[in-house]
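Peer 1: Take this structure, written in structure tokens, and hold onto it; I'll ask about it next.
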Amino acid sequence: MRALRPCLVLGLVFASLSASAQPATVNAWRRDSLGGALQARVDALAPGETLRLAPGTYDGPVTIRVPGVTVEGGGSAIIEGHGEGTVVSVRAPGVVLSGLRIRGSGDSMPLVDAGISIESQHDVQVLNTVVEECLFGIDIANSQKVRVEGCEISSKPVQDTFRGDALRVWYSKEVEITRNHWHDTRDSVAWYSENVRFVDNLAERARYSVHGMYSKNLLIEGNRFYSNAVGIFLMYGVGSTVVNNVVRDAAGATGIGLGLKETSVVYAKDNRFVYCATGILIDNAPWEPNTRNWFMGNTLAFDGAGIVLANDREGNELSGNVFHSNRVDVDTEARRTSPGRWEGNVWDAYDGFDRDGDGVGDTPYVPRRYGDVLTGTRPATQFFRGAPILALIGLLERLVPLTEPIELLRDPKPRLLSSLEDHEP
């Protein structure tokens, strides 16, 4: 037994050393590949190099200072911010972030804690990346030639007023936001910016799907904005194009499909605004002298009010639009005629004929506003619109008007369609 004892001791020592060495090797690899060393690995990149992250969770925050590098995640690499500040900060030009999952920013509104921050850079791309549980999604400031494509963005699971913006474009130029999906956020904004393109995006359950302010040449095309408080709102800007969008269910008390406030040279064509409290709001627009806004081929259906004109400024041209099953097609916030040039619109309330079959009504469409004494003096009574008693009051106002009715608008060539099916949502 005594002869075997040294061998037994040596065997136990060898086994102990082997057992302790194996976990040390695994832990060292995990630290290098799945966390703590990520900032060092990013700093070690040479300009133009690509870092491909293996599946797993990596510790942030991370700042990228090397120009032209690419960080790829293949859809399975998570950069976790642990609730501290901005998760990924891009501070070099030409950076590409692709296939990452970024989560867990801080909670500071004044510091704009975000999933991704791009500041004072150019030629930066964020592709096919998920940003979740971050106060702000992607913050782009003082930058140009930035592309955000194929991303999914959501904010923190808090009350909507305490969320940050999905996309925040600030003092930037030539920004492309394409084929993204943001939901359960606050707004997506383009402020003090120029040549920003929102194309083929989906936004749901936000406040403003797109909010432009003091910006020039915005393009908002082919987007779907569902169940947001406001679809598109443009303020104090010039030269925006809004085409082929669908805004649906902006149905709250202040729900608006498209809003213009002191905005000029807007081209709005072939959009659908359905089930909104207000389809289009025009407030002191166009604002710049001797400018116009154009509204053509839009469908306004099942809205509380199709178009509301909150001013008496001239310069709005409305043609080829379809008004279908709205509670009120056109309304003003004062007892006056709606300004603007109306021609060739389709009105489901038009009761004229087309005897020569040219698709144009034989008589102008001239909706009139009568006294509206009750609903005008007590707006809360509009809740009962459609009830038998208000229908009777409305009939009496038209039979024996207390004042001369006001022409809301005059469309000299209303169009008739044999069927409105193609224009329903």
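Peer 1: Name every residue in segment 340-360 that is in contact with a Phe, Trp or Tyr (Cβ under 6 Å, 6 or more places away or on another chain) and part of a loop (DSSP other than H, G, I, E, B), in order of residue number.
Peer 2: Once the filter is applied, which keeps residues that are in contact with a Phe, Trp or Tyr (Cβ under 6 Å, 6 or more places away or on another chain) and part of a loop (DSSP other than H, G, I, E, B), segment 340-360 yields only Tyr350.
Peer 1: Might you check whether a residue that is among the small types (Gly, Ala, Ser), modelled with pLDDT of 95 or more and closer than 24 Å to Asn271 by Cβ occurs anywhere in segment 169-187?
Peer 2: Checking segment 169-187: not a single residue is among the small types (Gly, Ala, Ser), modelled with pLDDT of 95 or more and closer than 24 Å to Asn271 by Cβ.
Peer 1: Taking the criterion of being more than 15 Å from the chain's Cα centre (by Cα), of a type in the set (Gly, Ala, Ser) and more than 13 Å from Asp303 (Cβ to Cβ), would at least one residue in segment 257-271 satisfy it?
Peer 2: Within segment 257-271 (the criterion being more than 15 Å from the chain's Cα centre (by Cα), of a type in the set (Gly, Ala, Ser) and more than 13 Å from Asp303 (Cβ to Cβ)), the answer is yes, since at least one residue qualifies.
Peer 1: Okay, moving on. Quick check: anything in segment 177-191 in contact with a Cys (Cβ under 6 Å, 6 or more places away or on another chain), within 23 Å of Val126 (Cβ to Cβ), of a type outside the set (A, V, I, L, M) and buried (at least 24 other Cβ atoms within 10 Å of the Cβ)?
Peer 2: Yes, some residue in segment 177-191 is in contact with a Cys (Cβ under 6 Å, 6 or more places away or on another chain), within 23 Å of Val126 (Cβ to Cβ), of a type outside the set (A, V, I, L, M) and buried (at least 24 other Cβ atoms within 10 Å of the Cβ).
Peer 1: Those residues that are over 17 Å from Arg179 (Cα atoms), in contact with a Phe, Trp or Tyr (Cβ under 9 Å, 6 or more places away or on another chain) and part of a loop (DSSP other than H, G, I, E, B), I need them from segment 225-247; list them, please.
Peer 2: Scanning segment 225-247 gives Asn228, Ala229, Tyr236, Gly237, Gly239, Ser240.
Peer 1: Any residue that is outside any strand (DSSP E or B) and more than 24 Å from Thr63 (Cβ to Cβ) - is there at least one of those in segment 164-182?
Peer 2: Within segment 164-182, one or more residues are outside any strand (DSSP E or B) and more than 24 Å from Thr63 (Cβ to Cβ).
Peer 1: Tell me the residue from Val246, Val266 that is surrounded by fewer than 21 Cβ atoms within 10 Å (Cβ to Cβ), modelled with pLDDT of 95 or more and of a type outside the set (Gly, Ala, Ser), please.
Peer 2: Val246
Peer 1: Can you name the residue in segment 160-183 that is under 10 Å from the mean Cα position of the chain (by Cα) and in contact (Cβ under 8 Å) with a residue 40 or more places away in the chain and, of all such residues, is nearest to Glu194 (Cα to Cα)?
Peer 2: Within segment 160-183, the match that is nearest to Glu194 (Cα to Cα) is Ala166.
Peer 1: OK, next. Quick one: is Gly137 on the phi < 0 side of the Ramachandran plot and outside any strand (DSSP E or B)?
Peer 2: no
Peer 1: Here's a follow-up. Could you figure out which of (1) farther than 18 Å from Ile79 by Cβ; (2) of a type outside the set (Asp, Glu); (3) surrounded by fewer than 18 Cβ atoms within 10 Å (Cβ to Cβ) isn't true of Gly150?
Peer 2: Checking Gly150 against (1) farther than 18 Å from Ile79 by Cβ; (2) of a type outside the set (Asp, Glu); (3) surrounded by fewer than 18 Cβ atoms within 10 Å (Cβ to Cβ), the one that fails is (1).
Peer 1: If you don't mind, there's one more thing I want to ask. Restricting to segment 48-74, name every residue that is under 23 Å from Ser120 (Cα atoms), part of a loop (DSSP other than H, G, I, E, B) and either over 31 Å from the mean Cα position of the chain (by Cα) or in contact (Cβ under 8 Å) with a residue 40 or more places away in the chain (or both).
Peer 2: Gly48, Glu49, Gly60, Val66 - these are the residues of segment 48-74 that are under 23 Å from Ser120 (Cα atoms), part of a loop (DSSP other than H, G, I, E, B) and either over 31 Å from the mean Cα position of the chain (by Cα) or in contact (Cβ under 8 Å) with a residue 40 or more places away in the chain (or both).
Peer 1: Taking Arg272 as the residue in question, decide whether it is touching a Ser or Thr at 6+ places or on another chain (Cβ under 6 Å) and among the charged types (D, E, K, R).
Peer 2: yes
Peer 1: Could you figure out which of (1) hydrophobic (A, V, I, L, M, F, W, C); (2) in a loop (DSSP other than H, G, I, E, B); (3) at pLDDT 95 or above isn't true of Ala77?
Peer 2: (2)
Peer 1: Can Thr403 be described as part of a helix (DSSP H, G or I), modelled with pLDDT under 65 and not small (Gly, Ala, Ser)?
Peer 2: Spelling it out, it is not the case that Thr403 is part of a helix (DSSP H, G or I), modelled with pLDDT under 65 and not small (Gly, Ala, Ser).
Peer 1: Something else: Select from segment 206-224 the residues that are more than 26 Å from Asp160 (Cα to Cα) and part of a strand (DSSP E or B) and list them in ascending order.
Peer 2: Those that are more than 26 Å from Asp160 (Cα to Cα) and part of a strand (DSSP E or B): Lys216, Leu219.
Peer 1: Out of Gly340, Gly344, Gly320, report the one residue that is touching a Ser or Thr at 6+ places or on another chain (Cβ under 6 Å) and touching a residue at least 40 places away in the same chain (Cβ under 8 Å).
Peer 2: Answer to the selection: Gly344.
Peer 1: Considering each residue of segment 96-116, count those that are buried (at least 24 other Cβ atoms within 10 Å of the Cβ) and either among the hydroxyl-bearing types (Ser, Thr, Tyr) or part of a loop (DSSP other than H, G, I, E, B) (or both), and give that number.
Peer 2: Of the residues in segment 96-116, 2 are buried (at least 24 other Cβ atoms within 10 Å of the Cβ) and either among the hydroxyl-bearing types (Ser, Thr, Tyr) or part of a loop (DSSP other than H, G, I, E, B) (or both).
Peer 1: Okay, moving on. Could you identify the single residue in Phe295, Phe302, Phe323 that is within 16 Å of Gly340 (Cα to Cα), modelled with pLDDT of 95 or more and more than 17 Å from the chain's Cα centre (by Cα)?
Peer 2: Phe295
Peer 1: Mind counting the residues in segment 295-327 that are part of a strand (DSSP E or B) and either surrounded by fewer than 17 Cβ atoms within 10 Å (Cβ to Cβ) or not aromatic (Phe, Trp, Tyr) (or both)?
Peer 2: Qualifying residue count, segment 295-327: 15.
Peer 1: With closer than 23 Å to Ser172 by Cα, under 10 Å from the mean Cα position of the chain (by Cα) and basic (Lys, Arg) as the only criterion, which of Arg207, Arg224, Arg197 stands out?
Peer 2: After ruling out the rest, the residue left standing is Arg207.
Peer 1: May I pose another question? Specify the residue that is modelled with the highest pLDDT; the eligible residues are those in segment 80-95 that are among the charged types (D, E, K, R) and assigned to a loop (DSSP other than H, G, I, E, B).
Peer 2: This residue is Arg91.
Peer 1: In addition: Give me the residue from segment 337-353 that is surrounded by 14 or more Cβ atoms within 10 Å (Cβ to Cβ) and modelled with pLDDT under 90 and, out of that set, nearest to Leu416 (Cα to Cα).
Peer 2: For segment 337-353, the residue satisfying everything is Gly352.
Peer 1: Picking from Ala285, Ala268, which residue would you name as being assigned to a loop (DSSP other than H, G, I, E, B), without any contact (Cβ under 8 Å) to a residue 60 or more places away in the chain and within 25 Å of Pro412 (Cα to Cα)?
Peer 2: When all the criteria are applied, what remains is Ala285.
The values are calculated or read from the model by the stated rules, or taken from the named source; none is laboratory data. Bear in mind that the values here come from a model prediction, so they are computed numbers and not experimental data. With ideal geometry, Cβ positions are generated from the backbone for all residues, glycine too; neighbour counts draw on all protein chains shown.
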